[in-house]
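Inspection log for the structure reproduced underneath, given as structure tokens.
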Amino acid sequence: MTRRSNDNPPRDMTTRLVNAGRDPFANHGVVNPPVYHASTIVYPTLAALEEADRTPFEGTRYGRRGTPTTFALEEAVTELEGGYRSIAVSSGLSAITTCLLAFLKQGDHLLISDTVYAPTRRFCDVMLKGLGIDVTYFDPLAEIGPRLRPETRVVFMESPGSLTYEIQDVAAAAAAARDAGAVSIIDNTWSAGLLFRPLEHGVDITIQAATKYIVGHSDVMLGTITTSEATFLRVKRASAMLGVAVGPDDCYLALRGLRTLAPRLERHQATASRLAEWLEGRPEVRCVLYPALPSFPGHALWRRDFSGANGLVSVVLREVGRDAVARMLDGLELFALGYSWGGYESLVVPFDPAPVRTATRWSGGGPCLRLHVGLEDPDDLIRDLENGLRRLA
Ligand SMILES: *Cc1c(COP(=O)(O)O)cnc(C)c1O
């Protein structure tokens with residue numbers, strides 16, 4: 001909403017997300033921003049066309065560069081993440097690949113967390129290495145200082161780490177990167193931008209798979225990039241050169257999801273906390289990985305940096321065979337077997353971090369399950385899991 005006054009007190013993010021990126025009175029009083037479908041944008045005169053060419057990254061130029069629907073989402077995400085400007089892209093993975101390609105060229109060095117999302121790693125190992133970029137993985141619990149080199153151009157973090165939630169000292173790593181002349185980028189999908197604002201901790205660029213909590217309804221692929229002022233143009237130019245485009249209907253759905261992000265996340269956290277505590281007391285469970293649990297190894301750092309937790313809970317079971325795990329998972333009624341997360345519904349997937357990681361050693365001691373705790377009734381979810389754990393026997 002544009003009817004802002006500097007006299008107003010700063011508002012809570014819950015309130016800001018309800019209003020960000022929309023201006024009803026610019027659109028016939030309609031509450032939500034309209035969906036503009038466009039490829040061609042026309043100009044009334046040659047002078048107007050030439051004027052538009054002078055500011056290629058402002059306003060509508062061509063459909064690939066976005067329409068007012070895209071810009072509304074970008075404005076709202078900037079409010080959420082607290083950066084200079086945001087760029088909507090076609091998926092979370094394309095947000096990552098666009099940022100990395102914006103800064104890296106042959107002979108450069110990339111320092112990247114060992115616990116990143118697996119497809120991020122595949123992109124680095126295959127495409128970036130293929131382009132002659134040197135890639136090193138770091139232990140997110142160790143200081144990155146000794147691993148920085150003169151040719152390190154980018155430090156890429158993801159905190160908490162994928163699947164196992166290792167919490168990194170993001171501010172320390174961002175400061176070390178800056179001192180070494182490298183750009184710091186973080187995958188902030190876990191926090192949805194609501195539980196942690198990386199740019200306030202010295203990080204240059206934060207990305208999200210908006211596919212997850214921002215969209216929130218398991219029906220859209222979308223990524224967001226939010227940058228500092230100094231890094232914006234470089235990333236914007238890269239996204240334009242790479243031809244990354246987003247459909248306006250997807251932007252509309254992401255804006256719709258954003259309106260309810262705060263109350264959804266509160267509920268995801270409340271139910272996930274309850275399930276995590278309950279799972280910790282079960283004899284079939286070796287350990288539960290959930291940053292808000294006092295038993296979680298990174299709990300203190302999580303408390304220092306994050307304002308809350310989400311619906312992701314990982315469970316390490318006591319040693320059982322694959323058939324037992326299949327009996328447990330196949331019979332679940334509310335936790336569906338499926339990748340991704342962040343929607344309203346509960347999900348479960350088995351995982352094994354051991355074969356992928358190289359800078360850290362995973363020794364969980366049993367089969368691992370990643371739960372995404374949805375918006376269902378907590379008692380119903382506990383009953384479903386309780387029946388499932390019984391089937392392990
Ligand atoms: C899902 C996910 C991505 C990729 O997002 P897509 O929209 O599926 O491409 C990136 N990072 C993290 C942490 C994710 O969970």
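The values are calculated or read from the model by the stated rules, or taken from the named source; none is laboratory data. Computed from a predicted structure; not experimentally measured. Because the Cβ atoms are built from the backbone with ideal geometry, glycine has one as well, and the counts that use them run over all protein chains shown. Surface areas here come from the heavy atoms of the whole protein model, side chains and all, with no ligands, DNA or RNA. Shrake-Rupley method; radii C 1.70, N 1.55, O 1.52, S 1.80 Å.
The trypsin sites (Lys or Arg not before Pro) of the stretch 311-388 meeting both criteria, a DSSP state outside H, G, I, E and B (loop) and at most 16 other C-beta atoms within 10 angstrom of the site's C-beta, are Arg318, Arg361.
Here is the list for the stretch 287-379: chymotrypsin sites (Phe, Trp or Tyr not before Pro) lying in DSSP coil, each with at most 14 other C-beta atoms within 10 angstrom of its C-beta, are Tyr339.
For the pair Leu131 and Asp179, a Förster radius of 22 Å applied to the C-beta separation gives a FRET efficiency near 0.25, rounded to the nearest 0.05. Each DSSP beta bridge with both residues in the chain is either parallel or antiparallel, and the antiparallel ones are about 55%. In a reduced charge model with +1 at each Lys and Arg Cβ and -1 at each Asp and Glu Cβ, the chain shows a dipole moment near 380 debye about its Cα centre. Magnitude of the charge dipole for the stretch 261-392, about its Cα centre and with charges confined to Cβ atoms of Lys, Arg (+1) and Asp, Glu (-1), is about 540 debye. Probing with 1.4 Å while keeping every protein chain in the model, the per residue accessible area of the chain equals 44 Å². Its relative contact order, with pairs defined as Cα atoms under 8 Å and 6+ residues apart, puts the chain at 16 percent.
How much of the accessible area of the stretch 261-392, probe 1.4 Å, is carbon plus sulfur, in whole percent? Roughly 51 percent, rounded to a whole number. Helices of the chain meeting both criteria, an alpha-carbon length of 20 angstrom or more along the long axis and an average Kyte-Doolittle score not below -1.0, with helices taken as full DSSP H segments, are 229-242, 261-280. In a DSSP loop and with at most 10 other Cβ atoms within 10 Å, there are no GluC sites (Glu not before Pro) in the stretch 130-228.
If the segment from Glu229 to Thr60 were pulled out straight at 0.36 nm per residue, it would be longer than the present Cα-Cα gap by 58.8 nm.
DSSP beta bridges confined to the stretch 261-392 are antiparallel in about 90 percent of cases. Only DSSP H runs of four or more residues enter the estimate; each adds -39500 (n - 2.57), and after division by the residues of the chain the mean residue ellipticity at 222 nm equals -10000 deg cm²/dmol.
Relative contact order of the stretch 261-392, taken over Cα pairs closer than 8 Å and 6 or more residues apart, is 29 percent. Of all lysines in the structure, those lying under 29 Å Cα to Cα from Lys105, and not within fewer than 8 positions of it along the same chain, are Lys129, Lys236.
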